[in-house]
1. Tally time: how many residues in region 37-55 are open to solvent by 50 Å² or more (accessible area, probe 1.4 Å) and not aliphatic (A, V, I, L, M)?
2. I'd like to check something: does region 23-30 contain any residue that is of a type in the set (Val, Ile, Thr) and closer than 27 Å to Arg171 by Cβ?
3. If you check Ile129 against the conditions, is it in contact with an Asp or Glu (Cβ under 8 Å, 6 or more places away or on another chain) and of a type outside the set (S, T, N, Q)?
4. Give the number of residues within region 153-186 that are of a type in the set (A, V, I, L, M, F, W, C) and more than 15 Å from Tyr6 (Cα to Cα).
5. What are the residues in region 1-36 that are of a type in the set (Gly, Ala, Ser), surrounded by 14 or more Cβ atoms within 10 Å (Cβ to Cβ) and part of a loop (DSSP other than H, G, I, E, B), if any?
6. So in region 150-170, with the set limited to residues that are outside any helix (DSSP H, G or I) and in contact with an Asp or Glu (Cβ under 7 Å, 6 or more places away or on another chain), which one is most open to solvent (accessible area, probe 1.4 Å)?
7. Mind listing whichever residues of region 59-88 are of a type in the set (S, T, N, Q) and free of Cβ contacts under 8 Å to residues at least 40 places away in the same chain?
8. Among (1) in a helix (DSSP H, G or I); (2) modelled with pLDDT of 95 or more, where does Ser178 come up short?
Amino acid sequence: MAFEEYLSNGMHIGMKKQTSKMKRFVYKTRDDGLAVLDLQTIDDRIKMAAKFLAGFNSIMVVSRKPVAKKAITKFAELIDARAISGRFLPGIITNPSFRAYYEPDVLLITDPATDSQAIDEAIKMRVPIVSLVDTFNEVKGIDFIIPVNNKGRKSIAATYYILAREILKCRGKIKEDSEFELKLEDFAPSESSRRTERSDRPRRTDRFQRSSGDRTSQRR
């Protein structure tokens with residue numbers, strides 16, 4: 001994937017907030033205050049992370065973000081990992097008697113801000129943590145940082161697309177990029193699924209009407 005595609009997928013676009021540990025990955029700050037991540041650093045760190053991850057058998061990839069569900073699911077399918085999308089239930093890593101218990105060798109997370117439960121459990125069990133990290137994120141407990149836009153669906157999809165391809169290359173499953181038969185679209189949620197997710201969310205007015213109706217029925 002050429003740098004032009006990194007740009008078109010917004011992988012370099014950070015936030016206005018820059019935490020102290022993330023400033024070293026920032027190339028420049030735009031006039032509107034948004035941080036811009038260095039493209040060469042993004043590329044290098046993704047490939048370094050892939051080489052690191054390729055050496056593990058039990059990889060757990062996690063994201064609470066709805067826009068990342070398809071990306072981590074496809075990623076896990078390709079490299080034989082365990083994907084956890086949505087809420088990370090307490091005990092998945094720390095409680096062997098829990099029905100969803102899994103003992104990963106390494107944890108890959110999408111956003112330290114939303115995947116904090118997974119981070120806490122991995123730290124307790126001394127599981128190394130690799131994370132997609134944006135400029136606003138704190139990195140406490142993260143062992144390896146992939147500096148990248150972890151908010152946008154296209155950027156998240158592109159990151160997991162590249163990671164999957166590079167891991168397969170490191171494992172000797174493929175030799176060249178051209179042998180990776182999947183497309184970026186295979187990792188990105190469709191527009192229809194995004195509209196469905198939004199329509200499934202209850203509107204504020206609907207919640208108010210339901211709660212008002214409940215109170216009315218109680219008074220009757």
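The values are calculated or read from the model by the stated rules, or taken from the named source; none is laboratory data. Quick caveat: nothing in here was measured; it's all calculated off a predicted structure. FYI the Cβ positions are ideal-geometry reconstructions off the backbone, even for glycines, and counts take in every protein chain you see. Heavy atoms of the whole protein, side chains included, go into the accessibility calculation; ligands, DNA and RNA do not. Shrake-Rupley method; radii C 1.70, N 1.55, O 1.52, S 1.80 Å.
1. Adding up the residues that qualify gives 6.
2. Looking through region 23-30, none of the residues is of a type in the set (Val, Ile, Thr) and closer than 27 Å to Arg171 by Cβ.
3. Spelling it out, Ile129 is indeed in contact with an Asp or Glu (Cβ under 8 Å, 6 or more places away or on another chain) and of a type outside the set (S, T, N, Q).
4. Initial filter on region 153-186 (of a type in the set (A, V, I, L, M, F, W, C)): 156-158, 162-164, 167-168, 170, 174, 180, 182, 184.
Those left that are additionally more than 15 Å from Tyr6 (Cα to Cα): 164, 167-168, 170, 174, 180, 182.
So the answer is 7.
5. Listed by number, the residues that qualify are Gly10, Gly14.
6. Lys151
7. The first filter runs over region 59-88 and keeps only residues of a type in the set (S, T, N, Q), leaving 63, 73, 85.
Thr73, Ser85, listed by residue number.
8. The number of the failed condition is (2).
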